[in-house]
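Everything below concerns the one structure shown next.
What follows draws every value from the coordinates through simple rules; no lab data is involved. Everything numeric in this text was worked out from a predicted model, so none of it was measured. Cβ: placed from backbone, ideal geometry, glycine included. Neighbour counts: every protein chain shown.
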Amino acid sequence: MKDCIFCKIIKGEIPSSKIYEDEKIFVFLDVNPSTNGHMLIIPKEHYQDLFSIDENLIIHAVKIIKEKLYPLMRERLHCDGLTISQNNGFGQEVKHYHIHVIPRYQNDQSNITYNQDIILPIDQVYSILKRK
Ligand code: 5GP
Ligand code: ZN
C-alpha cells in the first residue's frame, strides 16, 4: 500500500535490519526496541490489523517464532523468555499488521516498563544475531 512505511520496508525503499524473510512474512528489528532483540513480524501483503488479516498468516508467523526466531534469540542473546504483543486500533502506531516478538531477560524489570539502561545500539544487536 502506498505511503505505508512497512510496505516500503518490505520493498527495500526504507532500510531495515532484516532477520528473516520468506514468501509470506518479513521479520526485522524494531527501531525503538523494548528489549535487545525486539523484532517485528509483518505479512508481505498489506493488512491493517487482526480483523482483516488472513488467519493462516498468523499460524505461519507463530511457527516461525517457535522454529526460528526464539531459538535464535536463545542462542545468540541468551534470553530467558518471550513476550508477544500485537496492537489493533488504539495503541497501533503503524497500520500494517505486525506482531511484536520481544525477548525477555531476568533483569529487564516488569512486563510494562523495560529497563532502557541496558538497551544496546540496534547495529550491535543485529551483528550478534547475524554473525556466522
Ligand atoms: P505499534 O505501536 O504500531 O504496535 O508498533 C509500531 C512499532 O514499529 C514501534 O515499536 C516502532 O518502534 C516501530 N517502527 C516504526 N517505524 C519503524 C521503522 O521505520 N523501522 C523499524 N525498524 N521500526 C519502526
Ligand atoms: Zn503496508
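K44's amide H: which non-local residues (gap 5+, or another chain) put their own amide H closer than 5 Å, with H modeled 1.01 Å from N in plane and none for Pro or chain starts?
Here the answer is I25, F26, since their amide H atoms fall under 5 Å of that of K44.
To the nearest 10 degrees, how steeply does helix 55-64 sit against the main Cα axis of the chain, on a 0 to 90 scale?
Compared with the principal axis, the helix lies near 30 degrees.
Normalised by the residues of the chain, what does the relative contact order come to in percent, with Cα pairs under 8 Å and at least six apart? If you can, show how the numbers build up before the last one.
Numbers: 182 pairs, mean separation 38.8, N = 132.
Normalised by residue count, the contact order of the chain is 29 percent.
Which order do I128, I42, I59, I119 fall in if you start with the one that has the fewest other Cβ atoms within 10 Å? Don't skip to the end; give the middle numbers.
Working: I128 13, I42 24, I59 9, I119 16.
Fewest-to-most ranking of I128, I42, I59, I119: I59, I128, I119, I42.
If I take the Cα coordinates of the chain and project them onto the principal axes, what are the three extents in Å, biggest first?
Computed over the chain, the largest-to-smallest principal extents equal 38, 34, 26 Å.
Just checking the chain: which Cys have no other cysteine's beta-carbon under 4.7 Å?
Within the chain, the cysteines lacking a partner Cβ under 4.7 Å are C79.
Looking at the chain, how many pairs of lysines come closer than 14 Å at the Cα, when each pair is eight or more places apart or spans two chains?
Qualifying lysine pairs in the chain: 15.
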